[in-house]
1. When 1/r is averaged over all different Cα pairs and the result inverted, which Kirkwood radius in Å belongs to segment 222-297?
2. Restricting to Cα atoms and excluding each atom paired with itself, what does the Kirkwood estimate give for segment 95-174 in Å?
3. What whole-number value in Å² describes the accessible area per residue of segment 221-315 for a 1.4 Å probe?
4. Points 7 angstrom from Cα along the Cβ direction at Ser210 and Tyr258: gap in nanometres?
5. Does segment 10-56 classify as rounded, prolate or oblate by the C-alpha gyration tensor (a ≥ b ≥ c root eigenvalues; a/c under 1.5 gives rounded; else a/b over b/c gives prolate, otherwise oblate)?
6. From the convex hull of the Cα coordinates of segment 325-369, what is the mean projected area in square nanometres?
7. Could you give the dipole magnitude of the chain about its Cα centre, charging the beta-carbon of Lys and Arg +1 and that of Asp and Glu -1, in debye to the nearest 20?
8. So what's the angle, to the nearest 10 degrees on a 0 to 90 scale, between helix 268-297 and the longest Cα principal axis of the chain?
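The values are calculated or read from the model by the stated rules, or taken from the named source; none is laboratory data. As the structure is a computational prediction, the values presented were derived from the model and not from experiment. Please note: Cβ atoms are built from the backbone with ideal geometry, for glycine as well, and neighbour counts cover all protein chains shown. Just so you know, the surface numbers come from the protein's heavy atoms only, side chains and all, with ligands and any DNA or RNA stripped out. Shrake-Rupley method; radii C 1.70, N 1.55, O 1.52, S 1.80 Å.
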Amino acid sequence: MDEPDELRDLRSTLHRMLASTAPESVVREHLDSPEGFDRSAWTRLATEIGVQGLAVAEEYGGAGCGMRELAVAGEELGYSLFPGPFLSTVLLGATLIARSRDAATMQALLPGIADGSLVCTLALPQHGAGWDADATTVTAVSEAGTWTLTGTIDHVLDGQVADVILVPARHDGVISVFRVDANSPSVEVRPALSMDQTRRFAHVDLTSASALRIGAPGSARQLLADAGAVGSVGLAADQMGGARRMLEVTADYARTRYQFGRPIGSFQAVKHALANMLISTELARAALDDAVRAVDEKARDMGTAVSVANIVCSEAYYDVAAAAIQLHGGIGFTWEHSAHLYFKRATADRFLLGTPAHHAQRLAGALEL
């Protein structure tokens, strides 16, 4: 699909900035750092390009863009393996806040997200191979007009660097979303192990933590569904970018690596493997484009398109990253090679917002199969 000029400009500008501010050497520097990402690069993305404000309305300091722009940003960030909190803060957090139409919360949080000064995350309740608002074990209690939350949420994306955590919690027979100050003494954040060191997770313990309810009582299911759809398409874009990068790197290697006096790309087996990588990437592109359309149009088939994108892009990224390791031979198996970083991201992405099997079950249900 041909991109309009404004999308090509966004893509090329972001691509150039990430190549200079977040090359692989910088990504590796932050694999073991306390925060896991470069705050100065995160700020430049906000102030020089406005990446964090893409999902934020103009009245709150953003650009008020749709899924097309968010997908372009997600793809370029995935291409460079940028380790910042784009998925948690922009795709999940800002989307949920905007869809809540809660004026006080929007005024309090969206300007900070747009200018890059505030990191926000959504504590999705885990349920089997996916997530489900009904699976929350956090309880909310109201007393004298104030709310407190008690409970534990596991594997909260970017929980260790979040300023605000959005938490679904039960009260009065319904589930609502609340916002919690992550720096409150009644909020304990414990780092969680992660296979992909470019993404950080945390366990969050709430002990009568002060909270503010977001949106209407009992609106958690719809808000999480809206944020989850945007987050899933953004994740598919991240996967698309990573697959694209691995295909490019491997094709370049096949052109320049000689064996028996010939480039290895001239051997039929290598050509075949590269062709399969290209087919997987093109299929992922088609599925991603359809999901972007469905979200922007709020189409009736949005749920189906989002699940298809999740399945196709997850499998494509994993297969392309695995093939990249194989085609690089011995050096592909070393930790020092970029293929390993991308393979870990591809593997972890498959479990982040529901596995391909989970989305296949949702798809089957939607199609009444």
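1. Values: mean 1/r = 0.0698 Å⁻¹.
Kirkwood hydrodynamic radius for segment 222-297: 14.3 Å.
2. Values: mean 1/r = 0.0714 Å⁻¹.
Computed over segment 95-174, the radius equals 14.0 Å.
3. It amounts to 45 Å² per residue over segment 221-315.
4. Taking the two extended label points, one gets 7.1 nm.
5. On the way: a/c = 2.81, a/b = 1.50, b/c = 1.87.
The shape class here is oblate.
6. Numbers: hull surface 16.4 nm².
Spelled out: convex hull of the Cα atoms, projected over all directions, averaged, 4.1 nm².
7. Working: 30 positive and 44 negative charges, 152 e Å.
It works out to roughly 740 debye.
8. Helix 268-297 and the main axis of the chain meet at about 30 degrees.
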